1. Starting from residues that are surrounded by fewer than 20 Cβ atoms within 10 Å (Cβ to Cβ) and at pLDDT 95 or above, keep the ones in segment 1-25 and report whichever is nearest to residue 288 (Cα to Cα).
2. I need the helices (runs of 4 or more DSSP H) fully contained in segment 283-378, keeping only those with at least 1 residues that are within 20 Å of the chain's Cα centre (by Cα) and outside the structural domain of residue 189 (by TED's automatic domain parsing).
3. Residue by residue through segment 286-316, note down the ones that are over 30 Å from residue 161 (Cβ atoms) and free of Cβ contacts under 8 Å to residues at least 40 places away in the same chain.
4. Name, by its number, the condition in (1) in contact with a strand residue (DSSP E or B) (Cβ under 6 Å, 6 or more places away or on another chain); (2) buried (at least 20 other Cβ atoms within 10 Å of the Cβ) that does not hold for residue 366.
5. Is at least one residue of segment 208-222 within 30 Å of residue 148 (Cβ to Cβ) and part of a loop (DSSP other than H, G, I, E, B)?
6. Regarding residue 140, is this residue under 12 Å from the mean Cα position of the chain (by Cα), under 16 Å from residue 286 (Cα atoms) and part of a helix (DSSP H, G or I)?
7. May I ask you to list pairs of residues, at least six apart or on different chains, whose Cβ atoms are under 9 Å apart, with the first in segment 51-79 being on the phi < 0 side of the Ramachandran plot and the second being modelled with pLDDT under 90 and not in a loop (DSSP other than H, G, I, E, B)?
8. Is it the case that segment 90-97 has a residue that's under 29 Å from residue 23 (Cα atoms) and either touching a strand residue (DSSP E or B) at 6+ places or on another chain (Cβ under 7 Å) or touching a residue at least 12 places away in the same chain (Cβ under 8 Å) (or both)?
């Protein structure tokens, strides 16, 4: 019988995190189980910093709130933790056993980890140490393996689509090329779906390296038809066929996906203005996509994820990821989520060993985009 469970939210914030917390807490309370929350993700797990969650107090009124009431961290890998020595040197230590001790001393029967591929990699690693973990896929990038839709994604696409709608009026009024750079890292879901929803002319995604000349052809074709403006949506991870990712910053944190993307929108605007002669401007949507009120869809999806996670725990099904496939809630082993990235504490992200969900060329969204005339840069 479960008595005490704990929740941690890790990685970047996403709309719907609080809704998942609320669903877990309310389901737990309905079944006589206490729920706690670790403060700032795996950092709180390491520091043994947690609070009691109660639907009548701190876990009340959460459905519409963005962010997470228990905080999050996207710079903590407890399996390879960065330690600054007094002499200025840096070393990395595996402090995961400290986390295991904290969990066992507190008497937690299960930890719910709300996060993306990096978070779930650590969940799998803790499961190998005998701790019951259940993962809930959170990322606006929609790139967690084995689930169709992660919570927060729908809201991010809605925000990006609204931005495209607003850029249309300026682009048309000034006869300009307007570029919108959206998040997504190594997967182009946000860029592609918002481009379709917003009626963009070009959508560039990491899965299809682009030929700048193909984009110019599209823009010139529109001009020949009297359309003297164009909207280009690009994922931050898009790259030219003869170039590399545009990296904004490389972080000095081992054990993390330490590349910060950004800047492809500026490059595209510069290149397109030079090649077309049209004034081109770039807008970086940035953190606006991750913050604020979740959509109705994400509120419902988050609630379904939270309830399913608690049901799995009560049924003694641990070390799994809750999934949403074909409209139904289910689960898969964390081992399947990790894929070939088997090394404990290893870097997550865009490596051949990682198992992130990218857009396949036979995906229906690709076909739809092409049929409605969106240039994908190829």
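The values are calculated or read from the model by the stated rules, or taken from the named source; none is laboratory data. Just so it is clear, the model here is predicted, and its values are computed rather than measured. All Cβ positions, even for glycine, are placed from backbone atoms using ideal geometry, and neighbour counts span all protein chains on display.
1. Only one residue fits best here, namely 4.
2. Numbers: elements: 296-314, 334-338, 364-371.
Per the criteria, 296-314, 334-338.
3. Residues of segment 286-316 that are over 30 Å from residue 161 (Cβ atoms), as a first pass: 310-316.
Across segment 286-316, the qualifying residues are 315, 316.
4. Among (1) in contact with a strand residue (DSSP E or B) (Cβ under 6 Å, 6 or more places away or on another chain); (2) buried (at least 20 other Cβ atoms within 10 Å of the Cβ), the lone unmet condition for residue 366 is (1).
5. Yes, segment 208-222 contains a residue that is within 30 Å of residue 148 (Cβ to Cβ) and part of a loop (DSSP other than H, G, I, E, B).
6. No: the conditions fail for residue 140.
7. Final answer for the pair search is 74/118; 75/82; 76/82; 77/92; 77/118.
8. yes
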